[in-house]
Amino acid sequence: MPMVTVNGSTRIVGIIGNPVRHSLSPVMQNAAFEACGLDYLYVPFAVEPARLAEAVSGLRALGVGGFNVTIPHKVAIIPYLDELDVTAEDAGAVNTVLVRDGRMIGHNTDGDGLLDSLKEDLDFVPGTDPILIAGAGGAARGALAALCRAGARMIVVVNRSYDSAALLKEEVNRRYPQVTIEAVPRDGLEKKLLQRTSLLVNTTSLGMHGERIDCIDLSALPASAKVYDMVYSPPFTPLMAEAAVRGIMVSNGLGMLAAQGEKAFRIWTGQSPPKGMMKRVLQALCCP
């Protein structure tokens with residue numbers, strides 16, 4: 001653990017969400033601040049949905065340098081911000097906030113963090129074959145927009161609430177009309193679509209407590225498919241285990257967490273953390 005000395009000039013950044021006890025961001029960000037010799041401290045703030053407005057107002061009043069945003073606030077926080085960066089506008093969700101001169105500017109580093117991790121951890125680049133996204137929340141929004149930007153040509157969103165999936169499809173399609181985006185209910189996935197799927201991305205929290213994603217028949221996926229689970233705790237989820245048994249290449253969300261964290265670090269400080277450091281810290285924590 002990094003040794004942090006707090007004084008009157010220490011710049012505070014952090015993360016808001018509910019829950020946040022499991023978050024590994026404080027460890028990796030504080031390690032990077034120490035390595036760069038920056039007088040910053042990253043702390044977690046547990047914020048219940050009903051108190052989001054109060055929390056944002058309080059963080060503004062306290063003069064924090066910025067903060068990350070995680071479940072369930074990535075979309076709900078938008079009305080309380082002063083401005084959105086193009087990445088947040090594109091995704092319709094915010095995971096990083098910069099506070100500058102009292103103004104709060106929302107960014108989304110999730111999507112590009114996902115793309116970096118897909119390339120590094122799965123050697124995957126979006127193309128013409130279908131991509132399947134499980135979930136329709138804030139994380140799904142960032143993933144969908146980034147995959148569209150990166151050249152995906154067909155993306156299918158499956159979610160327990162079909163209405164949420166359909167709304168997400170409509171919003172993203174307005175920005176990317178060249179991409180075929182489909183929304184399907186959890187019991188509406190056809191085997192012939194799964195047989196053509198190149199990538200499955202779990203953007204939900206299912207798997208954190210041993211849950212299975214029972215609406216997707218992994219046996220129908222081709223051996224060439226890749227499975228990416230944004231859940232990183234536990235490091236090997238039921239989804240990953242089931243896919244690996246079938247010979248499918250898998251990855252958890254540690255690479256994405258590190259990549260999006262590096263981008264947030266740059267937004268707050270204007271500097272880059274040591275290359276690969278955040279991921280090494282995470283791997284040491286999760287896979288000692």
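Laboratory data are not the source of any read-out in this text; all were calculated from the coordinates shown. These numbers come from a predicted model, not from an experiment. Backbone-built Cβ (ideal geometry, glycine too); neighbour counts: all protein chains shown.
Some points to look at:
- Sorting 196-204, 6-14 by their mean Cβ neighbour count within 10 Å, with the most densely packed peptide first, gives 196-204, 6-14.
- Ranked VAL86, VAL172, criterion: other C-beta atoms within 10 Å, fewest first: VAL86, VAL172
- Contact order normalised by residue count of the range 1-126, Cα under 8 Å, 6+ apart, percent: 22
- Sites ARG246 and GLU83, calculated FRET efficiency, Cβ-Cβ separation with R0 35 Å, nearest 0.05: 0.15
- Farthest positive-ward along the chain dipole, Cα basis, beta-carbon charges - from PRO222, VAL172, ALA264: PRO222
- In this simple spin-label approximation, HIS209 and ALA284 carry label points 7 Å from Cα along the Cα→Cβ vector, and these lie 3.2 nm apart.
- Computed FRET value (nearest 0.05) for SER224 with ALA150, which takes r as the C-beta separation and R₀ as 25 Å: 0.85
- Cross-link pairs LYS192/LYS263; LYS226/LYS279; LYS119/LYS169; LYS74/LYS191; LYS191/LYS263 - those with Cα-Cα distance over 26 Å: LYS192/LYS263; LYS74/LYS191; LYS191/LYS263
- Placed amide H near ILE15: partners under 5 Å, 5+ positions off or other chain: VAL43, PHE45, ASN68
- Length-normalised contact order for the chain - Cα pairs under 8 Å, 6+ apart - percent: 16
- The range 35-177 - Kirkwood radius from inverse mean 1/r over Cα pairs (Å): 16.3
- Residue-by-residue Karplus 3J(HN,Hα) for the range 130-139, coefficients 6.51, -1.76, 1.60, Hz, glycine and proline x: x, 10, 10, 10, 9, x, 9, x, x, 5
- Legend: calculated FRET efficiency, THR10 to LYS119, from the Cβ-Cβ distance at R0 = 35 Å, rounded to 0.05, equals 0.50.
- Over the range 111-252, the hull volume per residue, using the convex hull of the C-alpha atoms, is 92 Å³.
- Rounded to the nearest 20 debye, the dipole size of the chain about its Cα centre is 200 debye, using +1 on the Cβ of Lys and Arg and -1 on the Cβ of Asp and Glu.
- For the chain, the longest principal axis of the alpha carbon atoms and the long axis of helix 254-269 meet at an angle near 40°.
- Fully extended contour minus Cα-Cα distance, from GLU190 to ALA50, at 0.36 nm per residue: 46.6 nm
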